[in-house]
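Bear in mind these aren't lab numbers, they're just calculated from the coordinates by the rules spelled out. Remember, it's a predicted structure, so these values are computed and weren't measured experimentally. Here the Cβ is made from the backbone with ideal geometry for all residues, glycine too, and neighbour counts use every protein chain on show.
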């Protein structure tokens, strides 16, 4: 029996995988087809293969655009603005309390110590997730405005500053809620629709490559064998190290992974055009990376947590 080469079937896996992983695979596959088939065969490339590639490229471009809409929100700038304001107010209150504990009257020193102790109890961290900081500040402000420490705050002359902190924290929470509602309404259905279109185009492309690997088989090989080998190597790598990653392990995958490959071409495939240096979704980082055929490289560099200019970790990296 002739050992025709064939791309492994991962259609079921692609249906279930997260959005970012689905998009990354499609971009990787596009690069393989372009560099190992379209460019190698040139004018002799069958029209069906060229047409299938163009269809998949257009589908992936659309999927990429929808995913970017999911990643970013126009409300994020407002969240960052109010977060910076509340952080500055909170740190200003802390500075004033530290000063009064050192140089105030005896009553002020005692009051400042009590308020600082309560702040420490709530463990407010201006570098943590927006939602976590918002909740901790809300509980702290309740203590300072309505609890046993309200008199201490008044004695220290900080009533207005605490009220300001409440307003800024409330505004941050308001915009966080708006962004979440916006996400919930806008894109999950659209993302599923474009993914379905990409999957259909991908399945057709795989079918075409497998078929032409048979019809073009001469003297023990076909011009599609190299592409099929490298796609299958990629499938092995993605199956072991990407598709099956634990939930939450790529929450902060903002598509800055470096996937330097020692197989295949040099320039990458971004849907609708080429970018130098590789085919990682959303861009590349220079330097070495992982060989998808080498199981000794189980992780991909560049998986770093997302944040904003104010220091907080913000999970505004899309619904995956």
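A few remarks follow.
- For the pair residue 123 and residue 167, the difference between a 0.36 nm per residue extended length and the Cα-Cα distance amounts to 13.8 nm.
- Over segment 76-185, relative contact order from alpha-carbon pairs under 8 Å, at least 6 apart, %: 37
- Residues 198, 226, arranged from fewest to most other Cβ atoms within 10 angstrom of their Cβ, appear as 226, 198.
- When 191, 91 are sorted by how many other C-beta atoms sit within 10 angstrom of their C-beta, beginning with the fewest, the order is 91, 191.
- Estimated FRET transfer efficiency (residue 189, residue 146; beta-carbon r; R0 30 Å; 0.05): 0.10
- Spatial extent of segment 76-185: Rg and Dmax, with the Cα atoms as the point set, Å: 14.9, 56
- Cα centroid of segment 124-181 to Cα centroid of segment 1-61, whole Å: 52
- Extension gain, residue 8 back to residue 225 (0.36 nm per residue minus Cα-Cα distance, nm): 76.8 nm
- Ranked for footprinting exposure by Cβ neighbours inside 10 Å, fewest first, 11, 238, 29 give 11, 238, 29.
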